[in-house]
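The values are calculated or read from the model by the stated rules, or taken from the named source; none is laboratory data. If you're wondering where the values come from, they're calculated on a predicted model, not measured in any experiment. As a convention, Cβ positions derive from the backbone with ideal geometry for all residues, glycine included, and neighbour counts pool all protein chains shown.
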Amino acid sequence: MSDVAEGIGRRIGAAPGAIGAGGFAVTNGGGVEASGPVLETRGLARSFTQGSETIHVLRGVNLSIAPGEIVALLGPSGSGKSTMLQAIGLLEGGFEGSIRIAGEEAARLDAKGRTAVRRDRLGFVYQFHHLLADFNAIENVILPQLVHGDDRAAAEARATNLLTVLGLGHRLTHRPSQLSGGEQQRVAVARALANRPALILADEPTGNLDEHTADVVLAEFLRLVREEGSAALVATHNERLAARMDRVVRLHEGQLQ
Ligand SMILES: Nc1ncnc2c1ncn2[C@@H]1O[C@H](COP(=O)(O)OP(=O)(O)OP(=O)(O)O)[C@@H](O)[C@H]1O
Ligand SMILES: [Mg+2]
């Protein structure tokens, strides 16, 4: 049972940087304290300066997400969806305004605190999935759980279950390069859910999939997120998929409508 996990352990030892480079988040069981919002942004602003030009991408975004609520983030290409998810994911600084995750004000956190919030509260599905290339599907889903300190056998069982539910039971030991784009996306979904995060930030989680597969994967994603009691903020271009979430917000000229 623990062969895979032990193999991962050895490989982690061989390449400790791989974990940070992967950028995944792990959590401590998804528990959301109290009854407050799992996410609250106030006046969130982000601009980029290139040469003499400053692009104001986010111009005061106010958003509150309740525990367990699944919110679709719509907006045309270039409207700032990924920028917003990156800011909320505390992946980079450079923003203005307030971001509170499970009650913690991001501006008051140092680097260690931000890492802890990412690890303990958030799960990520990136627009470009960022799986660890040297690790196979099940290892990619086990890893965040091991980093969090979970029991290896339990981590492996959960990874197997998540991947199987997402239709990848026959691809557990394939590496990302041996998986289709859609299959890789499903591994990324399983990885984001692995630690039952309070809030999942998903950037086009089904963007690489054909229409039918996107529907199937999104339905499973929504079901799993609901079952786990996680909240989610899901950037998408797809109105049809967005309509299946609890609420839709739209980015327009740097603000939410
Ligand atoms: N590091 C950066 N430096 C300069 N400009 C940037 C940077 N990152 C993003 N931008 C600009 O910010 C705007 C928003 O980009 P973003 O990736 O957030 O859009 P998006 O809504 O996610 O689009 P898509 O739907 O195509 O993924 C774009 O015009 C982009 O060129
Ligand atoms: Mg984007």
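Restricting attention to segment 231-254, does a residue exist that is at positive phi, among the charged types (D, E, K, R) and either more than 16 Å from ligand 2 (Cβ to nearest atom) or modelled with pLDDT under 85 (or both)? Steps first, answer last, please.
Initially, segment 231-254 is screened for residues at positive phi, giving 253-254.
Pick out the ones that are also among the charged types (D, E, K, R) and you get 253.
Those still in the list that are either more than 16 Å from ligand 2 (Cβ to nearest atom) or modelled with pLDDT under 85 (or both) too: 253.
There is at least one residue in segment 231-254 that is at positive phi, among the charged types (D, E, K, R) and either more than 16 Å from ligand 2 (Cβ to nearest atom) or modelled with pLDDT under 85 (or both).
If you go through segment 145-162 and keep only what is modelled with pLDDT of 90 or more and within 17 Å of the chain's Cα centre (by Cα), you end up with GLN145, ALA159, LEU162. For segment 35-48, the criterion of being away from ligand 2 (no atom under 16 Å from the Cβ), modelled with pLDDT of 95 or more and β-branched (Val, Ile, Thr) is satisfied by at least one residue. Applying the condition of being outside any strand (DSSP E or B) and in contact (Cβ under 8 Å) with a residue 40 or more places away in the chain to segment 35-51 and asking which residue is nearest to ALA106 (Cα to Cα) yields VAL38.
If you take the residues in segment 158-193 that are closer than 16 Å to LEU122 by Cα and touching a strand residue (DSSP E or B) at 6+ places or on another chain (Cβ under 9 Å), which one is surrounded by the fewest Cβ atoms within 10 Å (Cβ to Cβ)?
Within segment 158-193, the first condition is being closer than 16 Å to LEU122 by Cα, and the residues that meet it are 188-193.
Subset that is touching a strand residue (DSSP E or B) at 6+ places or on another chain (Cβ under 9 Å): 188-189, 191-193.
On the way: ALA188: 25, VAL189: 29, ARG191: 30, ALA192: 31, LEU193: 27.
So the residue we want is ALA188.
Any residue that is within 16 Å of ligand 1 (Cβ to nearest atom), assigned to a loop (DSSP other than H, G, I, E, B) and surrounded by fewer than 20 Cβ atoms within 10 Å (Cβ to Cβ) - is there at least one of those in segment 150-157?
no
Assess whether ALA198 counts as being within 16 Å of ligand 2 (Cβ to nearest atom) and among the hydrophobic types (A, V, I, L, M, F, W, C). Let's see the steps before the verdict.
On the way: within 16 Å of ligand 2 (Cβ to nearest atom): no; among the hydrophobic types (A, V, I, L, M, F, W, C): yes.
The answer is no for ALA198.
Taken over segment 172-230, the residue count meeting the criterion of being in contact with a Lys or Arg (Cβ under 7 Å, 6 or more places away or on another chain) and more than 28 Å from THR41 (Cα to Cα) is 3.
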